[in-house]
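Data first, discussion second: the structure below is written as structure tokens.
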Amino acid sequence: MDKTLKTLHLRLDSTSRSLTKNAISQLIIKVLFTSDLPLTIKEIGNGIKDVLKTAIAPNRIEEGIEKLLEKEEIIYAKKKYSLSRSNRRTLNKRYEDSTERLDRLVETYFTPFHSDKALVIDWFSDATIEFFKSYSKEWISDICHKKSEKVKEKSSDIFLHIKRRTFNNKDLDKKDYAVLVERFVDCIINKKDADLDAHLWEYGTSAFAANLLQSSIGADPISIAAFRDSKCVLDTNVLMNIGLEASEYHNTIKKLDGIFSQLNVTPGYFHITEQEYINTVSNLNKEILRNVEKFDYSVIKETDDHFIQSAIKRECSNYEDFQTFCQQISTPPEYIESKKKIEIFNDDPKLDIAIENAQNDENKKTELNTIYKNVTRKDKRDAPLVHDVGIIAGIEYYRNTEKAFILSQEISVNKYSHTKPTVENLPLAIRLDTIISMLAIDNGGTDVNPTDFSNLFADMIRFNLQPDKNTFKITDLSKLLDTELQIEQLPAEEVVKIANSLHGNISKGLSDDEISLELNREFQEVKLKFVDDLAEAKDSLSFEKSEKERLKRQEAKSANVIKGLYRKEEVEKVDKYIKRSRLIFFGGLPIGISLLSCLGVYLYQNDSELSNFLSYWIALAVNVIVWLLTSVFISKPMIARKSAKQMLEIEEIVERRYEEGIK
């Protein structure tokens, strides 16, 4: 659905439509360049058809031509168009520059190689095409935003992509495969010079132009799915246009025949429509024959009545011929053209009852007449009103069990449809010109895939149909990138919602400008919604963050209190150790040693000349000196080291006790 929405946005966005006109103008120039002779509009259209593989609406070609005439880029003479000599010389020079640039790039970044140089140049061009088929968005991002490295981020994917393409190239020497792929990726990601920039811009803008052109042709997938396998109830005003050669819808209806056949759409009408058709055409036939009888053929053939003009196209020239014509159109046509037979949908008694009940319902008639009066400022005639109420009742009966819609030009029927929901994206009623637009009958039809521009892009390069380097600006590419990224970032349900809403507006027959306006409003609403959601998320995140910080601070305070208690206990343990050590080393140990010394003097005293008293004092003095020395140089440093070590271990012990406590 993303691709479909991107395609519809490109098709309907006002900026994209303007850029698409530029792309068509460039295509017209290239078609004229390939012809040595001036061309008519029809011949230009055929040239464009050869490129796009489908015809486009004539008015789109006319708009492109008018734009080129205003800029004096083409010449109009004798109902034909051509390029001026100076423009032709400019284009020739541009193509020569492009060819020479490719040669220089291959020489600069890919030599040496074993293959023929012309083959390597072709390979390089093809590899660049493959790169832009898959990585245009990344390239646009990198040239629009200086810090972007999207192409570099995709280097592995690019390598594998180009490798697959290269290894399938049977013209190149196999020995060149690996090195050419490596050099290409290195060239795209790491190299930068004027030639390379010009080469990438030429191919990148060609891919951009191809995307714009392809998006503007072909029926979108939503419309195709909506109409497929449905039932089409034809209103009288549509039946009266089928088969009339002079009808403005004649060629379109012929194409509708083929598309209905492809999509398995079953056309038909109700019995009430058959009666209205017969009565209406009968009155028209009387008027035609009256005028033919009254006026000369020279007068008759100048009338703008499409019934009379259709008769003239059938070579009617006298009263009898016109009588034959009137007889031919007196009953509804049997085929839309040649493929789809027009059925009569009155084989269901319940359908007849539903139609009859509605036609007798005054409320329904009043409702529909009010719709008509709001538009026309007058009441609808009774007979058409009763018919339209009946055809609406019939289609509503069908839509209870299957896909069905009315094809009608009638105002009130279509306005009524706008008030009712779609069934599988199929509206209750639709105008002929709206279905022409939705199924792209004059603009590619259902055979063209508008979401895939790759083949068109490749053809534009191979046939030298690249746009002029000044056709698009970086800002144009940036607009496309922003739109694609915006769609990709939307939730899937929002994409579906916008796409279906867009399809609904198209089916209502709104103008392109109105559809574009509504589309932009849808995007803006989603943007605002996400801004609100983001703000709410930020507020929630901010509250959550502050709450976490508060809890963290509270937890830290609690932890500090607990750790403080553990720290106090451990410090007290160290203090006790120091006191105990001091008591032992500076009190108990000296006293004990002194007592032992005195005991030794007492036990081992001999006939020494020293008195007992002096012996004891000498022993005590020696002990004091030893104690002082050991205290200063041994005991005190040892206690200090031990206590310092224990103090250093306190934090580790506190953390360990805290961790064990919170488990």
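Where does each of 419-426, 56-63 land if you order them by average Cβ count within 10 Å, highest first?
The peptides rank, most packed first, as 56-63, 419-426.
Find the relative contact order for the chain and round it to a whole percent, using C-alpha pairs within less than 8 Å whose residues are 6+ positions apart.
With pairs under 8 Å counted, the relative contact order is 17 percent.
Got a sec? Which residues in segment 455-495 would a label at ASP171 touch, if it sits 7 Å along Cα→Cβ and we count backbone N under 14 Å?
Flagged as within label range: 462-463.
Would you mind getting me the FRET efficiency between ASP50 and ASP379? Use the beta-carbon distance for r and R0 = 35 Å, nearest 0.05.
0.05
Tell me the per residue accessible area of segment 417-503 using a 1.4 Å probe; a whole number in Å² is fine.
Here the residues of segment 417-503 average 43 Å² of exposed surface.
Using a 1.4 Å probe and ignoring any ligands, DNA or RNA, find the accessible area of THR7 and quote it in Å² to the nearest 10.
10
Please calculate how many Å² of accessible area segment 167-227 carries per residue, with a 1.4 Å probe and no DNA, RNA or ligand atoms counted.
Solvent-accessible surface per residue comes out at 37 Å².
Provide the per residue accessible area, probe 1.4 Å, for segment 48-150, rounded to a whole number of square angstrom.
Ligands and nucleic acids excluded, the figure is 58 Å² per residue.
Write down the percent of antiparallel bridges among all DSSP beta bridges whose residues are both part of the chain, to the nearest 5.
Taking every DSSP beta bridge with both residues in the chain, the antiparallel ones total about 40 percent.
For the chain, what % of the accessible area comes from carbon and sulfur atoms, probe 1.4 Å?
Carbon and sulfur: 52 percent of the exposed surface of the chain.
Among the listed pairs LYS49/LYS255; LYS150/LYS192; LYS313/LYS339; LYS21/LYS49; LYS254/LYS339, give every one whose C-alpha distance is greater than 19 Å.
LYS313/LYS339
Need one word for segment 156-221: rounded, prolate or oblate. Basis is the Cα gyration tensor (sqrt eigenvalues a ≥ b ≥ c); a/c below 1.5 gives rounded, then a/b vs b/c decides.
oblate
If you bin every alpha carbon distance in segment 299-345 into 10 Å steps from zero, what whole percent lands in each bin?
Pair shares across the bins are 24, 43, 25, 7, 0.
Sum up the charges of everything whose Cβ sits under 11 Å from the Cβ of GLU396, counting Lys and Arg as +1 and Asp and Glu as -1, but leave GLU396 out.
Net charge around GLU396: +3.
May I ask you to list the aspartates and glutamates whose Cα is less than 12 Å away from that of LYS403, ignoring any residue fewer than eight positions away on the same chain?
Output for LYS403: ASP229, GLU424.
Go ahead and collect, in residue order, the members of segment 315-333 whose backbone nitrogen is under 20 Å from a label point 7 Å along the Cα-Cβ direction of VAL299.
Answer for segment 315-333: 316-323.
Just to compare against my own numbers: the Cα pair-distance distribution for the chain, 10 Å bins, whole % per bin, please.
3, 11, 14, 15, 13, 10, 7, 6, 4, 4, 4, 3, 3, 2, 1, 1, 0, 0, 0
Grab the beta carbon distance between GLU649 and GLU153, set R0 = 41 Å, and tell me the FRET efficiency rounded to 0.05.
Here the calculated transfer efficiency is 0.20.
Gain in length, ASN455 to ASP103, computed as 0.36 nm per residue apart minus the alpha-carbon separation, to one decimal in nm?
Stretched out fully, the ASN455 to ASP103 stretch lengthens by 124.3 nm.
Along the principal axes of its C-alpha atoms, what lengths does segment 436-515 span, in descending order and rounded to whole Å?
Reported extents, whole Å, longest axis first: 40, 32, 23.
How far, in nm, would the chain grow between ILE634 and ARG657 when pulled straight, counting 0.36 nm per residue and subtracting the alpha carbon separation?
5.0 nm
Between SER478 and ARG94, what's the calculated FRET efficiency when r is the beta-carbon distance and R0 is 30 Å? Round to 0.05.
Using R0 = 30 Å, I get an efficiency of 0.75.
In whole Hz, what ³J(HN,Hα) sequence does segment 409-416 give by Karplus (6.51, -1.76, 1.60; θ = phi - 60°), x for Gly and Pro?
Once θ is set to phi - 60°, the couplings for segment 409-416 become 9, 6, 4, 5, 5, 6, 5, 4 Hz.
Which value, in Å² and to the nearest 10, is the accessible area of ASP348 when all protein chains are kept and the probe is 1.4 Å?
The value for ASP348 is about 40 Å².
Accessible area, 1.4 Å probe, largest first: how do MET638, MET240 sort?
In descending accessible area the options line up as MET638, MET240.
The values are calculated or read from the model by the stated rules, or taken from the named source; none is laboratory data. These numbers come from a predicted model, not from an experiment. FYI the Cβ positions are ideal-geometry reconstructions off the backbone, even for glycines, and counts take in every protein chain you see. Remember, those area values only see protein heavy atoms, side chains included, never the ligands or the DNA or RNA. Shrake-Rupley method; radii C 1.70, N 1.55, O 1.52, S 1.80 Å.
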